[in-house]
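One structure is given below, encoded as structure tokens.
Please treat every number below as a calculation from the coordinates, not as lab data. Every value quoted in this text rests on a predicted model; they were computed, and no experiment measured them. Positions of Cβ are generated from backbone atoms using ideal geometry, with glycine treated the same way; all protein chains shown enter the neighbour counts.
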Amino acid sequence: MGLEREILVPDIGDFKSVEIIEVLVSPGDVIKPEDSLITLESDKAAMEVPSSHGGVVKTVLVKVGDRINSGAPILILTESDGAVATELAPAPAEPEPPAPVAPAPATNLPVTPATNLPVTPPPAPKPEPEPEPGTEHRVPHASPSVRRFARELGADIGKIQGSGPKARILKEDVQQFIKAALQRAAQPVSGGFATLPPAAAIDFSRFGPIEARPLARIKKLSGANLHRNWVSIPHVTQFDQADITDLEAFRLSLKAEADQRGVKLTPLPFVIKAVVAALKAYPHFNASLGANGDELILKQYYHFGIAVDTVDGLVVPVLRDVDQKGLFDLAAELAELGNKARGKKLRGSDLEGGTFTLSSLGGIGGTAFTPIINSPEVAILGLSKSQTQPVYREGQFVPRLLLPLSLSYDHRVIDGAEGARFITHLSSLLADLRRALL
């Protein structure tokens, strides 16, 4: 008789209480190691969770809508005799297969059920009474990640009512608390000034035919983060054009070698190498503000977030140690990250640790845009479509290929003069990539 094994959620990084949006297996299915079991969706991306072992699915322990963490059980798997693989996670070895163990009732699983939130913000909650000394609820019941999320939004977690098991405070509770606070702030205050007036509810069907479509889940989840970053970070966007005529000639000269290696060598790896050199010259752009806002953390590593367009919305996986990789390696990893993002194969670790972000719209078009900083980073570079334009050089106009650059930065960390110096230096590196070796 086969060995029964409990398959757990692997390490998904710093993501907590992540919602299950798809269950990809059923009891009786035969699966192999690395086959996808469920799809999770965080506020950054959707990711499929693979199986650590192969066998026959006996019992599925989760359902769509559940929220789970690293280490939570997904299913019970029956492995055939002689096909027991070595466990990926450390566990004590057993000389003989144990007797089959019935799965625990669903109510005992360490899975936090999804909270059904209203579509429209609820009315402002009644003021919570101050807790009395010595009561058991004096300390708010919330995970470290939820506490950090509340601090980032400026919410007093002691005033938030939890909706999870045993009044545990969830991320959704913090969001609802902030929404209610914004509603209260929108009311006229002394002097008649109203901050953030509420949006008017308009019946658009009065003016003509309409079609209502649900917003993509990733856009709904990432919207709160984008809004927070936009309103909490003082953005400045600097524009420039880099002459990449020689860079493009160099790229085309490498096409045959790239084809032999089986990679598509786009301009993006060249831009990455130039940006790394610029960050080393201006380290404030590869930094983050400390939690107290009184110190600047300068990072000695270079992990770039790369914005990827998918059918469900924009996701930003992280390409690590870009300073230590060559052009062909960067090209191969960029293609791999893009395929994983579009195929919902990203893991939690693929979305963490970025120090600087690149967003390229060159394949679509446009001349400039204002990218939103990906907190806790302090800068992001946008690339638009390169165009051949006449440039006046040595007494005559000559055709040159110009790449539009849009650099947004956190004005609390970087002032306008430093921003102008950075983008000017980057433009010179892109015009002559040999300068990156200096």
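Based on the Cβ-Cβ distance of Phe369 and Lys166, what FRET efficiency does E = 1/(1 + (r/R0)^6) give at R0 = 45 Å, to the nearest 0.05?
Numbers: r = 46 Å, r/R0 = 1.02.
For R0 = 45 Å, the calculated efficiency reads 0.45.
Which values, in whole Å and largest first, are the semi-axes of the equivalent ellipsoid of the range 141-186 obtained as the square root of 5 times each eigenvalue of the Cα gyration tensor?
Taking √(5λ) for each eigenvalue gives 18, 12, 7 Å, largest first.
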Peptide ranges 208-215, 272-279 listed from the most packed, as the mean C-beta count within 10 angstrom indicates: 272-279, 208-215
Order of Phe328, Phe15, Phe204, Phe285 under a 10 Å beta carbon neighbour criterion, fewest first: Phe204, Phe328, Phe15, Phe285
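How much length is gained if the chain between Ser70 and His227 is pulled fully straight, taking 0.36 nm per residue apart and subtracting their Cα-Cα distance, in nm to one decimal? If you can, show how the numbers build up before the last one.
Details: separation 157, 0.36 × 157 = 56.52 nm, distance 2.78 nm.
Extra length available between Ser70 and His227 comes to 53.7 nm.
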Dipole of the range 237-437, positive direction: furthest Cα of Tyr392, His411, Leu296, with charges on the beta-carbon: Tyr392
Added length on full extension, which subtracts the Cα-Cα distance from 0.36 nm per residue, Lys219 to Ala199: 5.3 nm
FRET efficiency for Lys159 and Arg434, using Cβ-Cβ distance with R0 set to 56 Å, rounded to 0.05: 0.45
11 Å cut-off, amide nitrogen to a point 7 angstrom out along Val236 Cα→Cβ, residues in the range 420-438: 420-422
Sites Phe397 and Tyr301, calculated FRET efficiency, Cβ-Cβ separation with R0 35 Å, nearest 0.05: 0.20
Distance between modelled label sites at Lys264 and Val30, nm, 7 Å Cα→Cβ extension: 3.6 nm
